[in-house]
Structures are given as structure tokens and as C-alpha cells.
Amino acid sequence: MDLTLTEMHRALRDEVNAFIARHRDRAPRPGGGRKRPDRKVLEWQALLLESGYFGRNIPREYGGFGAPHDVIEVAIIADAFSRSGVSPGIHNQGISMLVPTLLEVGTEEQKRRWVGPTIRGEAIWCQGYSEPGSGSDLAAAHTRAAVDDGFFVINGQKIWTSSAHYADMMFLLCRTEPDKPKHAGLSYLLVPMNTPGIEVRPLRTMTGRAEFNDTFFTDVRVPVDQIVMGRGDGWQVANITLKYERLLLGDANKLQNRFEAIRRMMQEPRPDGSRLLDCAEWRDRLLRLQGEVMAARYHNLRLLTDQAEGVDSGLGRLIVKYHGTMLAHRLTSLAVDVLGSAGLAYEPQGEAAEDDPATTWHIDYMYDIGLIIGGGSSNIQKNIIGERGLGLPREPKVGRA
Amino acid sequence: MRFGLTEDQKLFDHSLRGFLSARLPLDVLRRLAEPGNGFDAGLWKGLGELGLQAMLVPEEYGGAGLGLLDAALVAEALGFHAAPTPFAASQVMALRAFQAAADDVQRRIWIPRIAAGEMRIGVGLGGMSGQTGRAALRFQGGRLSGAVDGLLDGGGATHFLVYLADGRAALLDADATGITATVRRSVDRTRPLVDLDLAETPAVELLEASNAPLQVAARVRDAGRVMLAADMLGAAQAMLDRAVAYAKERVQFGRVIGSFQGVKYMCADMATMLEPCRAMVWYAAYAQDAILEEAAIAANHAKAHLAEVTREVARLATEVHGGMGFTDLLGLHFQFKRITFDRQVLGTSERCRHDAAVAQGWIGA
């Protein structure tokens, strides 16, 4: 254990804090579900990238900052943004899931073409995984792609495709080898969303907004080189992406960011001059969550160290999504309670404008449940934790695709 | 920067756990636990040979000069095996009290004796700990009178270290005049509660060399809280491991019960709750030595959070074992009770969270 900061680390911390103090007015508000990044978000992203506070370890040739891996640098930056409640940049599926997947198994050409625009927030990705008949049982995907004259020709339907209505690209899991067994018949394709034959129908969620979509494919033609790894490797690639999705969804820095926002609300004097933090019951609720967030943050530091040393954290990594999404919802639950009846006024603004703070909290309070379900629901996570993490036997299988 | 254990720490942990599992099979543990005084001379000697008693003692006094993270690994291993032995108070809290509040002469006399394993020191923090029970001491003319309840590591103690309300600490000989030490078996038969009644008992030493005695006392308390958090972590990990092993072997309805989601999910829930606690304990222990501005917050949250999580793990792990878990046969209850004990001693979760709020300036003391 060595958490001492070197001179360089201290200098970096001061530099990040100074950066935040100087530029915080330019930052978009964090939270509130997913929207296409607007100009404010894109400009903030560009500033973070050029300052090395985003994509810090992504090689320069792919559009990142190119700094060597240093766990504490990453932690210092994340911590400074969380504590100040300032947006740490865009975290969408392209950035947090596709980019690390391409960096891990993509071709040189794919990395050069997609990583830069994705981390800049210019190329928005959606995830073509779930289908009406294969949600938790992802490998049962029926959407198929047959090869014809140098193209994959895709037919089928995906569901729960968040961001599909404004995405530029989709990473798609589909069946290219119908004669092979279930898991061996899948491929992972990169599909431009403006390809003819793709129809996106918005799916209105409980937040009142259309964050998800049904996506239909009718003879959608994609060049055969738009594949990650090879034909039949789709399940392997999808699992790499899912690994990163689980880490994204349980992100400890997001939890810290939320906690700090709630603490600030509770420390603010109310109209009668009193503070919620002075009330023992409210304070204890906040303190309980602080303890949980601390555990999540230190756990994350442990995982980062493992990652830097090339050690597989095993169980430690598998719990992150389930642990983090449940904790996130407990945090937003406290936030909406703190807002109380005055916070019930709810007018989501759609894609065009920023939501007011109370509406944003209520969107997150509901959206968090979507995150508990999406990316492998909590029950699927518990299967993974139980089977891969603890070595418990699988449920006996019934039938095959 | 790295967040994790060194190879040395892993090796030491491995040999300690090897020793404890050979030394404390269930039948032996039962026998040692029955008297309920939390002390066995043979076990104490064996642990001394492994270096436990001198581990935190600075090298100049004949110790290994290790830090609180090393001590937390020991506490975790002791909790895992429900070892009936003094450690948290005797070897950690008392030593740190001497280091922080004893003068040079006192240190030179006593610290080498702690390192040699000659002293076992029960510690009583009284009201400062948040413990329930009596805590009223008068100190006059070098003598102590009054009562303090619930000393930690008081079974088999050669000495007691009791805190006065002003943060000074008095070292008492266990055989001194006017001392009545009542050793009560606790629900956790591996550690007793010791209540002291004192009538004009002479203090061997008064630790008053610090100019901020209340802060020093709070740091001693926080070190103890980290040790108890580590102890709970170990005990809960043992229960989880056993629940998982049982779920892999017990067959019902023609299947091992671990293949049923109902059981599997209980195990997954336990692992999900408990795994981040490990990093939290490491951090809290490390902070006591290396990140002083966060030491109090981390220690208090570690004790509070571990108590919440391990209470849940203790229930679920017992439940996975079905009726067997509720019997005395499996001995699973030793760890259950260990967790029960640790939660109440040195302040409950509510008290620790309160102290965390004070430590970060949310409210006044």
C-alpha cells in the first residue's frame, strides 16, 4: 500500500483544482440521463481532452492524451471532479464500452478511424444487443447477417437501444453462422445508423422521455470489413464490451459526485435558516451512504491497481455493476427525499434544453432503475457473481437456440 | 502509488493463517472458548513466536516497526478463525497510547515489555468509546477510584490501561490493591467483558506527555475501531466461505443447493457487500499511519460500515446452512458472535457515524 503523492502528483492535483476553479462555469451539468451532446458538452469535452483530463491514457495516434498509465493520476483527476461536482466529461456507451473494446481487440484501422471521434463526442454509438426474444439470454440473438458480395446483409430487430435515435453508429451483435452452436454463431459488426433499411422507433420510458428505441433492420448492407475480430467471434467481443459496461455502470466516481451534490444540498440553509445536516435522522442517512461510497471508491482504487499490474481482479470486478447501480439508486433516493414535496414539479425538457435540478434528480431516480436492469440485470449479475466469482454451479440448462 | 498488499504482507498473512488453522480446529476452539476469558497461554505463546506481539513496536524498542495495515491483516485473520486471544486493545491500542502519550522514560521501560509479550493490557476508554456501562473514575494523589465497564482484551490481562475523562490514561497492575476485575463471559465466548471496580488503586504510570490528550485518546480509539472492523471482515469472510462451500455440497431436490438461484443470490449478495469492505479496511488502517487528515473519518466509517455489512452477511450465511447453521454443531456461530461483539464494542455504528460527522466538521463535537 503506497498512496503517497509524489511532487508530480501534488502538482497535478493543484493543476486540476485550478483548472476546475477557472473553468467550472463552462461545464455542463452532470446527470439527467442521456442526450446527444450539445455544443456546451462538446466544447467542455474538447477542453478536457486537450488538458489531459479525459482519455488520458489513450494513445495520441488514436486521439487521446497519450500519458503513460498511472493509477493515481487517474484517481486524482476523478476525485477532483467528483468533489467539485463538475462534469468529468462524456460517459456514453461508445466511450466507455466500444473504445476500450477496440483498444483491446480492434484492428489498427478500426482504432484510428473510431477512437478519436468517439472520445471527442462527435461519433455517438448505440448498442445493438437485446432483442425482444433475447434480453438476459443475450447469446440467443436471432438478428441475422448473411454475406452477399462483400457485404453483410442484416435482418432482424433490436430493442432497448438507448440513444439509437441520435446515434451515428451501432455496435451490433448478430447471427452470421446459423449452423454453428448458439454462442459460436455470433459476430460483432459496426453499423452506420444512416444505412438504408434501419428504422428507429422511439420507446417512451417512465421518465416521460424517449431514451430507448426499437430498431428494425431490413436488408441493411454493411461492408464485410466492418467486423470486430472474426466471424463467429461475436460472443467473445460482446463479453469484452460487457466487462467494460459493468465497470461503467458501477462507476465509483459517479457515486462520489452524486454524494457530494447531496451533501451540498443538505448543508444549504433552507428558507427558515435550518440545515438538514443538523437533523440527526437526515445526517445519519447521509453518513450511511458516505460510508458505502467510500468503500466503493477504495475498492475501485484496488481494481485500478490490479488493472495497472495486469492482475485479473476476478470477483472484485464482477460485483461492480450490481453494487454500484444499487448504491446509485439509494443515493438518488436520498436526493429526492431531500427535495421533498417542492421537488415534485417535473417538466423534462426533451433533447433541446437542460432540465431544472429537481427534474434532473427525479429523472436520475427513475433512470437508475433502468441502469439496474440494463447491461445485464441485477439477477444476471448475481448469476455471474455466483457462478464465475464464487464457483457455484450453473442452473441446469433447458433447451438451446 | 499502489493500492494493495506487498509480497511480504501476503507471505506473513499466509503463515499466520496457516498457523491459526492448524492450531484452532473446531474442537480446540470449543475447548478454549468455554471458559470465555479470551485468553490461552499456549496460543498467546505461539502467536508471540510468529511476531504478533512485537509487530507494531518500533525497531529501537525491539519490535518489527510495522504499521496499522499489517495489524489489520492480523486482526482479520484472528476474526476469520475466531481466535480467543488479546490483540486489538493489548497489542495495538495500548501500544499506540504509549507511543503517543508516554514520556521517554515510560517508553523505555514499558514498550520493550509489550514487545516481549510479557504484558497483556486490557483497555477501557469509558465514555469516549461510546460504550454502554459504567464509566466514572476519580484520580487523586496517584490513585484511582470508581468504575469502568467493558474493557477490551481484559481476560488474562497483566495490566489495565484506563482513560480519564480528560484524555490522560492510567496504567494499572492487574494485581494492584483495591482492584476488582470482574470477568464476564460475553455472548462471544472468544472474548470476555471485563468490568473494573477501583478503590484507591495506585496507578503504575500516568500517560500524560501529550499536550493534546483528548486527540491522542481519540486516535487510540480509532485504531481500535479499525482493528474491530478488520476482525468483522475476517469473521464475515469465514462465514461467506463456509456458506459457499456448503452450497456446493448440500443436495436437495436432486441438485446441489448452490445451483438454485435463491441460494446462489444470497451468496452473491454477501460477496457483493463484503468485497468492497476489504479495500475500506485496508484504506482505514493505512490512513491511521499515512493520511492523518482522513484517519478519523476512515476509521469511523470502516467500523460503522463493516458492522452493517457483516451483520447482514452473518445472517445470510447462517441461513444458507439451513437448520444446520442454527445448531451448535457446525460452529458457525463463533464467527456470528464475533461480529455481534465487535459491533457493540468501542461504539456502535450510530456512534461511529456521529464521530465521522464531527471529524469532517459537519457538526460540533
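The values are calculated or read from the model by the stated rules, or taken from the named source; none is laboratory data. In this text the structure is predicted, and so the values were computed from the model without any measurement. Reconstructed Cβ throughout: ideal geometry from the backbone, glycine too, with neighbour counts over all protein chains shown. Accessible surface areas use protein heavy atoms only, side chains included; no ligands, DNA or RNA. Shrake-Rupley method; radii C 1.70, N 1.55, O 1.52, S 1.80 Å.
Numbers at a glance
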read-out: Distance between modelled label sites at A:N194 and A:R275, nm, 7 Å Cα→Cβ extension; value: 5.3
read-out: In degrees, nearest ten, helix B:213-249 long axis to first principal axis of chain B (Cα); value: 20
read-out: C-alpha long axis of helix A:39-51 to longest principal axis of chain A, angle in °; value: 80
read-out: Whichever lysines have a C-alpha closer than 26 Å to that of B:K10, once near sequence neighbours (fewer than 8 apart) are set aside; value: B:K45, B:K303
read-out: Distance between modelled label sites at A:Q349 and B:T177, nm, 7 Å Cα→Cβ extension; value: 8.2
read-out: Total charge dipole magnitude, chain A, about the Cα centre, Cβ charges on Lys, Arg, Asp, Glu only, Debye to nearest 20; value: 500
read-out: Straight-distance crosslink candidates among lysines, where the alpha carbon sits under 28 Å from A:K35 and sequence neighbours closer than 8 are dropped; value: A:K111, A:K158, A:K243, A:K254, A:K321
read-out: Loop sites in region A:317-395: trypsin sites (Lys or Arg not before Pro), DSSP, at most 15 other Cβ within 10 Å; value: A:R394
read-out: Tilt relative to chain A, helix A:252-267 - C-alpha long axis, 0 to 90 degrees, to 10; value: 30
read-out: All aspartates and glutamates inside 12 Å of A:K40 as judged from Cα atoms, apart from same-chain residues fewer than 8 positions distant; value: A:D25, A:E354
read-out: Amide H contacts under 5 Å for B:A174, placed H, 5+ residues apart; value: B:H159, B:F160
read-out: Residue-averaged [θ]222 nm for the protein assembly as shown, counting only DSSP H segments that reach four residues, each worth -39500 (n - 2.57); value: -15500 deg cm²/dmol
read-out: Alpha-carbon centroid distance for the pair region B:95-121 / region A:36-88, whole angstrom; value: 50
read-out: Per-residue SASA entry for A:F212, accessible area with 1.4 Å probe, Å² rounded to 10; value: 40
read-out: Hz values of 3J(HN,Hα) by residue in region B:283-292 - Karplus curve (6.51, -1.76, 1.60), Gly and Pro given as x; value: 4, 4, 5, 4, 4, 4, 9, 10, 10, 4
read-out: Förster radius 25 Å - calculated FRET efficiency between A:E122 and A:N17 (Cβ-Cβ, nearest 0.05); value: 0.30
read-out: Positive-pole candidate from A:A335, A:A11, A:A145, dipole of chain A, charges at beta carbon; value: A:A335
read-out: 5 angstrom amide H check on B:G150, placed H, neighbours 5+ away; value: B:V194, B:D195, B:L196
read-out: Equivalent-ellipsoid semi-axes of chain A, from the Cα gyration tensor, Å, largest first; value: 35, 24, 22
read-out: Along chain A, longest interval not containing exposed GluC sites (Glu not before Pro), exposed being DSSP loop plus at most 16 other Cβ atoms within 10 Å; value: A:123-308
read-out: Amide proton proximity set for B:E208, modelled H, under 5 Å, gap of 5+; value: B:D103
read-out: Loop trypsin sites (Lys or Arg not before Pro), region B:158-194, which have at most 16 other Cβ atoms in a 10 Å radius of their Cβ (DSSP); value: B:R185
read-out: Size of charge dipole - region A:125-233 - debye, nearest 20, with Cβ of Lys, Arg +1 and Asp, Glu -1, no other charges; value: 280
read-out: Amide N proximity, region B:191-208 versus B:V105 label position 7 Å along Cα-to-Cβ, cut-off under 17 Å; value: B:203-208
read-out: Student exercise, region A:353-392 dipole from Lys, Arg, Asp, Glu Cβ charges, in Debye to nearest 20; value: 440
read-out: Where region B:181-337 is the region considered: accessible area per residue in Å², 1.4 Å probe; value: 35
read-out: HN-Hα J in Hz across region B:310-322 - Karplus 6.51, -1.76, 1.60, θ = phi - 60°, x for Gly and Pro; value: 6, 4, 5, 4, 4, 5, 5, 5, 5, 5, 4, 6, x
read-out: Computed lengthening from B:A245 to B:D8, 0.36 nm per intervening residue step minus Cα-Cα distance; value: 82.4 nm
read-out: Most mobile of A:A75, A:A328, A:A11 in a GNM of chain A (Cα contacts under 10 Å); value: A:A11
